[in-house]
Amino acid sequence: MVAVWELIALHGIEGVTFRRVAGRAQVSVGRIQHYYRTREALVRAACAAMIEGANYQYQQLPDDPLARLTHILLHALPDSPRARFGASVWHAYLAKSVDDSEIGRLLADTKRGTEDECAFLIELSRRPSSRPDEIDARAAARRLLALADGLTVRVLIGDLSGPEAREVLDAEVAALSRQ
């Protein structure tokens with residue numbers, strides 16, 4: 001799938017062809033076509049693989065709610081070449097979701113699952129002395145994710161640096177943990 005992602009990062013999703021993927025992966029076109037009947041199936045499988053990879057990485061984290069929440073919010077910040085690559089591919093998939101309902105469904109399901117996990121982590125990280133009505137975990141999760149998404153775009157376009165965006169997100173998580 002790396003070959004597909006590299007092509008998306010370089011040429012956008014429309015630049016993904018069996019021939020280009022095969023060339024980049026140093027395999028035959030027939031081998032690619034054996035597994036994927038259409039270019040769309042290949043692109044969708046690569047999208048699913050990207051999500052699965054992020055989920056696998058998340059599952060390896062220590063069982064610390066605030067550390068996990070921080071990881072979710074910061075993992076897509078494009079403050080390294082690898083993260084910039086991943087964020088650019090992710091945003092290409094976001095753009096493709098406009099005319100590909102399967103990719104749209106996959107991304108929406110992922111975002112809903114991420115929001116659910118963030119709300120759960122916020123609930124877990126509450127101080128024992130806090131009252132349950134002090135914070136709406138779902139609303140807080142939605143705000144934090146929207147903030148992370150917006151900061152990611154600003155770092156991608158060069159309007160903010162990665163450290164500046166991390167500082168904002170770290171401050172929000174710290175403020176949340178004090179509630």
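The values are calculated or read from the model by the stated rules, or taken from the named source; none is laboratory data. Predicted, not measured: the structure shown is a model, and the values here were computed from it. Glycine also receives a Cβ, built like all others from the backbone with ideal geometry; neighbour counts cover every protein chain displayed. Ligands, DNA and RNA are stripped out before the accessible areas are found, and what is left, the full protein with its side chains, is counted by its heavy atoms. Shrake-Rupley method; radii C 1.70, N 1.55, O 1.52, S 1.80 Å.
Of the conditions (1) modelled with pLDDT under 95; (2) farther than 30 Å from Ile13 by Cβ, Ala119 fails just one. Which one is it?
Checking Ala119 against (1) modelled with pLDDT under 95; (2) farther than 30 Å from Ile13 by Cβ, the one that fails is (1).
For the stretch 1-42, how many residues meet the condition of being part of a helix (DSSP H, G or I), within 26 Å of Ser101 (Cβ to Cβ) and open to solvent by less than 30 Å² (accessible area, probe 1.4 Å)?
9
Restricting the search to the stretch 88-102, which residues are in contact with a helix residue (DSSP H, G or I) (Cβ under 6 Å, 6 or more places away or on another chain) and under 18 Å from Asp149 (Cα atoms)?
Of everything in the stretch 88-102, those that are in contact with a helix residue (DSSP H, G or I) (Cβ under 6 Å, 6 or more places away or on another chain) and under 18 Å from Asp149 (Cα atoms) turn out to be Ser88, Val89, Ala92, Tyr93, Lys96, Ser97.
Can you find a residue that is more than 21 Å from Trp5 (Cβ to Cβ) and assigned to a helix (DSSP H, G or I) anywhere in the stretch 73-87?
yes
Output the residues belonging to the stretch 88-108 that are in a helix (DSSP H, G or I), open to solvent by 30 Å² or more (accessible area, probe 1.4 Å) and among the hydroxyl-bearing types (Ser, Thr, Tyr).
Across the stretch 88-108, the qualifying residues are Ser88, Ser101.
I'm trying to understand the selection: among the residues of the stretch 44-65, which are open to solvent by 50 Å² or more (accessible area, probe 1.4 Å), more than 21 Å from Gly12 (Cα to Cα) and touching a residue at least 12 places away in the same chain (Cβ under 8 Å)?
Within the stretch 44-65, just Gln57 meets the criteria.
Return the pairs, sorted by first residue and then second, in which the second residue is open to solvent by 50 Å² or more (accessible area, probe 1.4 Å) and part of a helix (DSSP H, G or I), the first residue lies in the stretch 23-35 and is under 15 Å from Ala46 (Cα atoms), the beta carbons are less than 7 Å apart, and the residues are 6+ apart or on different chains.
Arg24/Glu6
If you check every pair at least six apart or on different chains, which have Cβ atoms under 7 Å apart with a residue in the stretch 136-150 that is within 22 Å of Ala83 (Cα to Cα) first and a residue that is of a type in the set (S, T, N, Q) second?
Between residues of the stretch 136-150 that are within 22 Å of Ala83 (Cα to Cα) and residues that are of a type in the set (S, T, N, Q), the close pairs are Leu145/Thr114.
Hey, among the residues in the stretch 109-125 that are open to solvent by less than 40 Å² (accessible area, probe 1.4 Å) and of a type in the set (A, V, I, L, M), which one's nearest to Leu61 (Cα to Cα)?
Ranking the candidates gives Leu121 first.
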